[in-house]
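Novice: Sharing a structure here in structure tokens format.
Values in this text are rule-based calculations from the coordinates and carry no lab data. Predicted model, so just to flag it, every value in this text is computed and none were measured. No Cβ is skipped: glycine too gets one built from the backbone with ideal geometry, and neighbour counts run over all protein chains shown.
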Amino acid sequence: MSNRLVNILVPVISVILGLLVGAIVMLVSGYDPVKGYTALWNGIFGDSYAIGETIRQITPYLLSGLAVAFAFRTGLFNIGVEGQLLVGWFAAAYVGVAFDLPMYIHLPFAIIAAAVAGGLWALVPGLLKAKLQVHEVIVTIMMNYIALHTTNVLIRAMSDGGENTGTIKETASLKSVFFESITDYSRLHYGIFIALAMVLVMWFILEKTTIGFELKAVGFNKNASEYAGMNVNKNIILSMVISGAFAGLAGAMEALGTFQYASVKGGFTGIGFDGIAVALLGANTPLGVVFGATLFGALKYGALNMPNAADIPVEIVSIVIAIIIFFVACGYVIRYFLEKKNKKKEAK
Amino acid sequence: MDYVIEMLGIRKEFGSFVANDNITLQLKKGEIHALLGENGAGKSTLMNVLFGLYQPEAGEIKVNGKSVKITDPNVANDLGIGMVHQHFMLVEKFTVTENIILGNELTKSGIINIKDAAKKIQSLSEMYGLEVDPYAKIEDISVGMQQRVEILKTLYRGAEILIFDEPTASLTPQEIHELIQIMKRLIQEGKSIILITHKLQEIMDVSDRVTVIRKGEGIGTVITKETNPNELASLMVGRQVDFTTVKDEANPTEESLVVNNLVVTDYRGIEKVKGLNLTVRKGEIVGIAGIDGNGQSELIESITGLRKVKSGSIKINGQDVTNKKPRQITEAGVGHIPQDRHKHGLVMDFSIGHNIALQTYYAPPISKNGIIDYGKVSELAQKIIKDYDVRTQGEETLARSLSGGNQQKAIIGREVIRNPELLIAALPTRGLDVGAIEFIHQRLIEQRDKGKAVLLLSFELDEVMNVSDRIAVIYDGQIVDTLQPKDTTEQELGLLMAGQHKTGKDVKQGEQQHVE
Ligand SMILES: Nc1ncnc2c1ncn2[C@@H]1O[C@H](COP(=O)(O)OP(=O)(O)OP(=O)(O)O)[C@@H](O)[C@H]1O
Ligand SMILES: [Mg+2]
């Protein structure tokens, strides 16, 4: 079988398998899978509003997926995307609320503030890893909690004990009147262009620049990188910061696009953690992340329609969605292991 | 005639590339059968087929006359086939015993019975003269002992047929001598051995028959007693080979590398280089001769910036580079062929092209303003592949899927083509075939003739003798003597390397003669 064929077949077969097993789950629990999947389909593609909302949902997944994937390529496991996203969200909302500036300054300022906040938040685990060899997984997990509670405190402080920063100024908003008009007033915003641009940026950094060359080399073989005169620690820190900046931008999408504010949160958004699955589904490549984010965003959003339209309880819906994603991930995981096994064999 | 192993008409393809084509190898019981071929000829591939790591596209394998399908290494194990890979597969943090029983643990109601296992290992090791310390950790024992552990691992699993893939490439001459004794012992006990080596003399010394392959094709099998190294070499290459290294007198000029009173410690903080002095001038090749473990690796790593210097100084081309970063040292005009090609030399998951850019990716002409011109990279890669005869399907191939010798050639090409003022070559010809060794020696001499300085580290005395203009003998972290190859013999070198001084001349004097 040619490589190309495998590349197309694996995800297609895994989606079909996932749908089949999901159908069995619905059947066994006494619900109609045809009705269920019709509701899912309509939830994703049913009308222009659904399509708009689906794309809106995909936007932050693209960025959180890129964040995880980027760090992975340097051999780092950034579980802190969630926290970096939260600080990015807050930073963007703060700039959006607190300043009065013309749009051409205000909007970029708010976006950049989010990227910088996320980057700085990731700088801490990067530094600890590079200087003291503290494992980034532990630090990033802890940093998630710190981010959650710190942003909550800051939001309360900003709003005199309230739960919400208040709506950002229009000059900092990613809202799109045009998108609203063609998608029946969905919350689809211009952020999708930023997310797609970042896909290109990641590809460009990794495939064209000396920085990307170094990051990949360090990810594969630290000793050889050091031998070749690369600064391994600098690359670890840089990789974390860039990853964190992507995560911060994901927060900006929520602050400046979807919600137009930041509010006190009782728990994590999950977008950051789902980014791990998105990156894995996409084999840590920029194009793969587009695929993973699309699948994730579409299923997550479309599933909301299943309880309403097909009377399937939320719990069963969650199981079905998880099963589909599980099978897709398996397809990749299986192939990933097959390839790895092959590589091992090829190595002499 | 009963053969224990018959590989008949084996064909193995990688994509459109044919690595093995119609190769036949028949192993008799109780013989040492050598497998000979150039780098990339397909030896490792053929053995991986026999060990069940690869599935052949065509051909038949018979074990004791019965046709078998070896679908994975477990099947090979069950058939009594064991393999000692060129790169050992041991868990550093585990003890010798733990490594040997790994995956094959003796258990008593679910609990590993280390004592019994150690006993069994002890008796095996006595039986074959494989001396190991069952309770030592792998990271603490020598390469030679690690290899004995690998051999014990196969015997512990009941191997009757042992495959050795270039076992002598990473061993010191003393260890090679021991290994040969071990192999003879194994044969006496009724085992059969397939041995891959590039050293023709070893083949002449230990093997009964030799199967030669060339560019993936089986050339034939000859009886060792009826052949000689020259015939073997020409069978393998397909033409007459000339062994002699031709070179003119050296014309050393100013000093390029000056190492002064250098002290370096190893990772445990133990001093390995103890006040070492060494000078290499432009236009000469200085060879370092010594027994492994006398501070050679630490010396080279400190010169190239991979290891911190405790005290003393290193000057390169007039610049003080003591404790400078590898990049600064490279830019002071140093090329470095590292001792461990997998650890330092290559990023195995990068393509050959990427690996060839590893030292130069960050500056013009390869990159401008932080953007790499991959067109230039592939141009350079193609040039090196052609000039250094790197056998590969192209510069896009992953370094991982090149044969060991061809990986080495790519590294040498990358370092030499930069034309460095000082070339540091650590074990440059390890794992290369005779033709390639000759070629690399010529390149080193060429650099010298261009007025560059070359520092050569080698464990092969004949390499040191043939290629160097001066030989610096290292013992216990110091250069104990420097001599001209024409004024010395391998015997004398051997004594110096073992820490014995020449009679009537003390070490200090020897060193001083050359400081003049
Ligand atoms: N997994 C692989 N994919 C593609 N090509 C491969 C693979 N493994 C080996 N080759 C190619 O097959 C040829 C034979 O390789 P092999 O490792 O068997 O050589 P060898 O005779 O052991 O050489 P050496 O003496 O250098 O170790 C080489 O040209 C190598 O590039
Ligand atoms: Mg080989």
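Novice: Hey, got a sec? Which chymotrypsin sites (Phe, Trp or Tyr not before Pro) in region A:188-254 land in a DSSP loop and have at most 12 other Cβ atoms within 10 Å?
Specialist: Values: sites: A:Y190, A:F193, A:W203, A:F204, A:F213, A:F220, A:Y227, A:F246; in loops: A:Y190.
Taking region A:188-254 and a limit of 12 other Cβ atoms within 10 Å, no loop chymotrypsin sites (Phe, Trp or Tyr not before Pro) are found.
Novice: Suppose we keep just the DSSP beta bridges with both residues in the protein assembly as shown; what percent of those would be antiparallel, to 5?
Specialist: So the antiparallel bridges amount to about 60 percent of the total.
Novice: Long-range amide H contacts for B:I112: which residues qualify at under 5 Å (H placed 1.01 Å from N, peptide plane, sequence gap of 5 or more or a different chain)?
Specialist: none
Novice: Pulled fully out, how much extra length does the chain show between B:I223 and B:Q55, if you take 0.36 nm times their separation in residues and subtract their Cα-Cα distance?
Specialist: So the chain would gain 57.6 nm between B:I223 and B:Q55.
Novice: Mind giving me the FRET efficiency for A:T150 and B:R418? R0 is 45 Å, r the Cβ-Cβ distance, nearest 0.05 is fine.
Specialist: The value I calculate is 0.35.
Novice: How many angstrom separate the Cα center of region A:260-274 from the Cα center of region A:184-228?
Specialist: 24
Novice: Here's another thing I want to ask about it. Could you work out the Kirkwood radius for the protein assembly as shown, taking every pair of different alpha carbons, averaging 1/r and inverting it, reported in Å?
Specialist: Working: mean 1/r = 0.0324 Å⁻¹.
With all distinct Cα pairs of the protein assembly as shown included, I get 30.9 Å.
Novice: With contacts defined as alpha carbon pairs under 8 Å and 6 or more residues apart, what's the relative contact order of chain A in percent? Spell out each step's value before the answer.
Specialist: On the way: 641 pairs, mean separation 124.2, N = 348.
Relative contact order, chain A: 36 percent.
Novice: Moving on to the next point. Which of B:S67, B:T221, B:L162 sits farthest toward the positive end of the charge dipole of region B:3-237, with +1 on the Cβ of Lys and Arg and -1 on the Cβ of Asp and Glu?
Specialist: B:S67
Novice: Evaluate the distance, in nm, between pseudo-label points positioned 7 Å from the Cα of B:H177 and of A:D184 along their respective Cα→Cβ axes.
Specialist: 8.9
Novice: How much length is gained if the chain between B:Q188 and B:R11 is pulled fully straight, taking 0.36 nm per residue apart and subtracting their Cα-Cα distance, in nm to one decimal?
Specialist: Between B:Q188 and B:R11, full extension yields 60.4 nm more.
Novice: Here is a further query. Which whole number gives the average count of other chain Cβ atoms within 10 Å of the Cβ atoms across peptide B:340-348?
Specialist: Across B:340-348, the average partner-chain Cβ count within 10 Å equals 5.
Novice: Additional query: Two decimals is fine: what is log10 I(q)/I(0) at q = 0.10, 0.11 Å⁻¹ for chain B, from a Debye sum with one equal scatterer on every Cα and no solvent?
Specialist: -0.86, -1.04
Novice: Mind checking which of A:S181, B:N48, B:L35 is farthest towards the positive end of the protein assembly as shown's charge dipole, using Cβ charges of +1 (Lys, Arg) and -1 (Asp, Glu) about the Cα centre?
Specialist: A:S181
Novice: Considering Cα pairs under 8 angstrom that are at least six residues apart, work out the relative contact order of region B:3-237 and quote it in whole percent.
Specialist: It comes to 28 percent, rounded to a whole number.
Novice: Pulled fully out, how much extra length does the chain show between B:S142 and B:I270, if you take 0.36 nm times their separation in residues and subtract their Cα-Cα distance?
Specialist: On the way: separation 128, 0.36 × 128 = 46.08 nm, distance 1.64 nm.
Full-extension gain reported as 44.4 nm.
Novice: Would you list A:L66, A:L85 from fewest to most Cβ contacts within 10 Å?
Specialist: Final ranking by Cβ density, sparse to dense: A:L66, A:L85.
Novice: Follow-up. Calculate the dipole size of region A:51-305 relative to its Cα centre from +1 charges on Lys and Arg beta carbons and -1 charges on Asp and Glu beta carbons; express the result in debye to the nearest 20. Show your work: numbers first, answer last.
Specialist: On the way: 14 positive and 14 negative charges, 103 e Å.
For region A:51-305, the charge dipole is close to 500 debye.
Novice: Also: Counting other beta carbons within 10 Å of each residue's own, what order do A:H135, A:H189, B:H336, B:H85 fall into, fewest first? Please report the intermediate quantities before stating the final value.
Specialist: Numbers: A:H135 12, A:H189 23, B:H336 28, B:H85 19.
Fewest-to-most ranking of A:H135, A:H189, B:H336, B:H85: A:H135, B:H85, A:H189, B:H336.
Novice: Fewest to most neighbouring Cβ within 10 Å: what's the order for A:E163, B:E98, A:E214?
Specialist: Starting with the residue having the fewest Cβ neighbours, the order is A:E163, B:E98, A:E214.
Novice: Could you work out the mean projected area of the convex hull around the alpha carbons of region B:221-313, in square nanometres to one decimal? Write out the running numbers ahead of the final one.
Specialist: Numbers: hull surface 41.0 nm².
Result: 10.3 nm².
Novice: Between Rg and the Kirkwood Rh of chain A, both from Cα atoms, what is the Rg to Rh ratio? If you can, show how the numbers build up before the last one.
Specialist: Details: Rg = 20.9 Å, Rh = 21.1 Å.
My calculation of the ratio gives 0.99.
Novice: Considering just Cα atoms, how many Å³ per residue does the convex hull of region B:3-237 enclose?
Specialist: Enclosed volume per residue, from the Cα hull, is 126 Å³.
Novice: So, R0 is 30 Å and r is the distance between the beta-carbons of A:F77 and A:K265; what FRET efficiency does that work out to, to 0.05?
Specialist: For A:F77 and A:K265, the calculated efficiency is 0.80.
Novice: While we're on this one: What are the residues whose amide H is under 5 Å from the amide H of B:S367, where those residues sit 5 or more places off or on another chain and H is modelled from the backbone?
Specialist: It is B:D373, by chain and number.
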